[in-house]
Structure formats: C-alpha cells, structure tokens
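This report concerns only the one structure given below.
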Amino acid sequence: MARALEQARAAAVRGEVPVGAVLVRDGRLLCEAHNRTITGVDVGGEMFADPTAHAEMVAIRRGARAMGDWRLQDTTLYVTLEPCAMCAGAIVLARIPRVVYAASDPKGGMAGTLGNILQDARLNHRCEVATGVLAEASAELLREFFRERR
C-alpha cells in the first residue's frame, strides 16, 4: 500500500485526484498506476484525457498487458481509495481475487460503503476485500488536495 500511496502523491503533483494503485502477483510488483483522467493516457502514441483512466483501470490495463491475459488471476490490487462502480466492475471482470483499499469513499465507494459490487453473490466472480491499510495517510492526502483547490 505504501507504493500505491507513492503513486497517489505522483497523481497530485500532476494535478490529478491523488489515487494510486498497485497490482501484485505472487508477491511481486506487476504494475503500478495513478489517476490520469486529466493528464491523459497513451493510446497509439497519442495522449488524451480519459474519464475512465482511474488508477485501478490503468493498473488493470497494464496488468493485462504484462500478463498477456485479461484474467488477472492470482493477483492482489492495492488502491488508496475504495473503488467506484466502474472500477469495481472492471475488477470483477478481470477476475482479480483480492482487493485491498486504504480509505473508504462515502460519495462513490462500491466495495462496501454505498454498495458492494466486489462481493455481490449474484455475479460470477467475487473478491476478497480488506480495508483500512494506511487509511489515514490516504484520506489526509485527499483532504489536502481538495483543500488546496477550494
């Protein structure tokens, strides 16, 4: 989670909402990412802003590329903020078995706060979820980021 927090700080420096994600497989770093909705993502050599470029989504894309498979089995996703509905859906579709998030998101969290897509028994895949790891550090980074912008 400390590595994900580093990614969140990198996002803040770029003017992005400070959320970071790290994907680990068999105890080894597979990839890392941070929010890129404003500063953009590289697609075919062209950078463009992307509303879907949340840290989790970027990490999932990079993880799939690194593994050569859309199924990210045997991985753990560490993320500094509780996943939203879009990210939670992508996590389920990618078959990520375990998610660890730092801070809860009272406005959009779909891993236990507003809903729980990650563990919905009606879906064909469910994730083990752990929360609270470095929660205060993550929450403080977010508070500081938004305080500076208000």
Open to solvent by 10 Å² or more (accessible area, probe 1.4 Å), part of a loop (DSSP other than H, G, I, E, B) and under 23 Å from ALA130 (Cβ atoms): which single residue out of ARG71, ARG62 fits that description? ARG71
Would you check if ASP105 is free of Cβ contacts under 8 Å to residues at least 12 places away in the same chain, within 24 Å of HIS125 (Cα to Cα) and open to solvent by 20 Å² or more (accessible area, probe 1.4 Å)? no
Reported set for segment 117-137 where residues are outside any helix (DSSP H, G or I) and under 12 Å from GLY89 (Cβ atoms) is ASP120, LEU123, HIS125, CYS127
Criterion violated by GLU16 - all others in (1) among the charged types (D, E, K, R); (2) in contact with a strand residue (DSSP E or B) (Cβ under 7 Å, 6 or more places away or on another chain); (3) over 22 Å from GLU144 (Cα atoms) satisfied: (3)
Would you please list the contacts, defined by Cβ atoms under 6 Å and residues six or more apart or on different chains, that run from a residue in segment 16-42 that is within 16 Å of CYS84 (Cβ to Cβ) to a residue that is of a type in the set (Ser, Thr, Tyr) and buried (at least 24 other Cβ atoms within 10 Å of the Cβ)? VAL19/THR80; GLY20/THR80
Between GLU6, GLU46, GLU32, GLU56, which is open to solvent by 40 Å² or more (accessible area, probe 1.4 Å) and touching a helix residue (DSSP H, G or I) at 6+ places or on another chain (Cβ under 6 Å)? GLU32
Strands (runs of 3 or more DSSP E) (entirely within segment 1-50) containing at least 3 residues that are farther than 15 Å from ALA137 by Cβ and at pLDDT 95 or above: 20-25, 28-34
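The values are calculated or read from the model by the stated rules, or taken from the named source; none is laboratory data. A quick note: this is a predicted structure, and the numbers were derived from the prediction, not measured. Virtual Cβ from ideal backbone geometry, glycine too; neighbours counted across all protein chains shown. Accessible surface is based on the protein model in full, side chains and every heavy atom, while ligands, DNA and RNA are left aside. Shrake-Rupley method; radii C 1.70, N 1.55, O 1.52, S 1.80 Å.
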